[in-house]
Amino acid sequence: MGVIIIACIVVLIIVFVYLLMKYYPPFGGKSSLKKLTKQIHRSNYANGKFFNTLPTSVSDGMGVTISMLIDFMKGNPQGNPNAPLPVESVDPFFIQDNQPAHIIWFGHSALLVAINGLKLLIDPMFGKSTTPFPFMGGKRYGGLPIEIEDMPSIDAILLSHDHYDHLDYGSIMKLKEKVNHFFVPLGVGAHLERWGISQERITEMDWWEEAVFEGLTLVSTPARHFSGRRLVDKEATLWCSWIILGEQEKLFFSGDTGYGPHFKEIGEKYGPFDITLMECGQYDERWAGIHMFPEQTIQAQLEVQGKLMIPIHWGTFTLAFHDWTDPVERALKAGKEHDVRISTPRIGEIVWIGSSNYPISTWWRELHRMN
């Protein structure tokens, strides 16, 4: 009798998980294999999965799992700030106006890029938690420079991949009626379609593909990472970095990525770049293939031929075990050694593209001194 009860419980759990995956909207949609096969012309896809051209793995096994569990239980007193981060408020009318080219960092990898009179949002994760269940997981360190409800119309959103800290269901649902078009890696469009965005407003792109949009040239370029929102869809969609080519300015956004030869190739094909937006946080030796260490970020900056770098993917969520300020401190140290110019804006602070006057304050140190 006991065996029957256990079996029933297991079946119920399986049914519950299946229904949750199928009907809970934040998990997104399922890409059509037939559709993807028609679109793919490169050598980064086989047997229903995308893959990195450079062999990439994440350390696993029981020993690694135990070590991560121990680190999690030990915690890190410096893993989170002791107070909400300083945030510069952004006036909706400022975004709406036709200002000179500029960038506003919203924290983590979320950015607003104003260029050629257009407004672009990159990886607009404005939610409070990086999980499909907002009540779970680590919370955002502080507020936003502008609430989504106050955001004016946006010309386009660019997404780098479908992980929760980059593609947030709640944010997209609030933004979707304000946005004209979405540019995404192959397969990611299925998530947006499930959330009520029509195919006509979505452009899916493979690595090295270019799209012309309102006078801009957008290029989907390689990254060394992976994808997936559910238990059974790992690497079912593509991940990428982005190049934005304006009439005068050239920008590079790294997306989530481990270090690799793609940076040099991108630099040789499209560099130099006026500004780069480069990942430098949430790293660990156990997943070094998919997230760069700050010193590698500086090397990547040299290889893409960037003139000015804004460190991203730090300062908003704790997704690794290092101190929350380690990414920017290590990037600044390595940047000084290699004569790399780095801008360190507060969340919401404006960085004017092409200006020799850019934010360089060490605001996070001031926060520590206040506590």
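General remarks:
- This model, with +1 at the C-beta of Lys and Arg and -1 at the C-beta of Asp and Glu, gives the chain a dipole about its Cα centre of some 960 debye.
- Chymotrypsin sites (Phe, Trp or Tyr not before Pro) lying in DSSP loop within the range 87-157, provided at most 15 other Cβ fall within 10 Å: PHE135
- Among LYS74, LYS234, LYS174, residue whose mean-square fluctuation peaks in a GNM of the chain (springs only between Cα atoms under 10 Å): LYS74
- Heavy-atom accessible surface of the chain, averaged per residue, reaches 45 Å², computed with a 1.4 Å probe.
- Across the range 60-369, Cα pairs under 8 Å and at least six residues apart give a relative contact order of 19 percent.
- Loop-located GluC sites (Glu not before Pro) across the range 156-259 with a Cβ neighbour count of 13 or fewer within 10 Å are GLU214, GLU247, with loop assigned by DSSP.
- Were the residues from THR65 through ASN80 laid out at 0.36 nm apart, the gain over their Cα-Cα distance would be 3.2 nm.
- In plain terms, if you count all Cα to Cα distances in the range 237-281 and split them into 10 Å steps from zero, the share in each step is 25, 58, 17, 0 percent.
- For the chain, calculated [θ]222 nm from helices alone, where every DSSP H run of n ≥ 4 adds -39500 (n - 2.57): -8000 deg cm²/dmol
- Since only LEU367, PRO222, ASN98 are under comparison, the one whose Cα sits farthest along the positive direction of the charge dipole of the range 60-369, derived from C-beta charges on Lys, Arg, Asp and Glu, is LEU367.
- Global form of the chain, assessed from the alpha-carbon gyration tensor, a/c cut-off 1.5: rounded
- Entries of LYS30/LYS250; LYS178/LYS269; LYS119/LYS174; LYS49/LYS174; LYS74/LYS234 with Cα pairs more than 22 Å apart: LYS30/LYS250; LYS178/LYS269; LYS49/LYS174; LYS74/LYS234
- Given charges at beta-carbon only (K, R positive; D, E negative), |dipole| of the range 41-160 in Debye: 520
- Relative to the current alpha-carbon distance between ILE360 and ARG194, full extension at 0.36 nm per residue lengthens the span by 55.6 nm.
- ³J(HN,Hα), Karplus 6.51/-1.76/1.60, whole Hz, each residue of the range 67-78, x for Gly, Pro: 5, 5, 5, 5, 4, 5, 5, 5, x, 9, x, 9
The values are calculated or read from the model by the stated rules, or taken from the named source; none is laboratory data. Just so it is clear, the model here is predicted, and its values are computed rather than measured. Because the Cβ atoms are built from the backbone with ideal geometry, glycine has one as well, and the counts that use them run over all protein chains shown. In case anyone asks, the SASA skips ligands and DNA or RNA and just uses the protein heavy atoms, side chains included. Shrake-Rupley method; radii C 1.70, N 1.55, O 1.52, S 1.80 Å.
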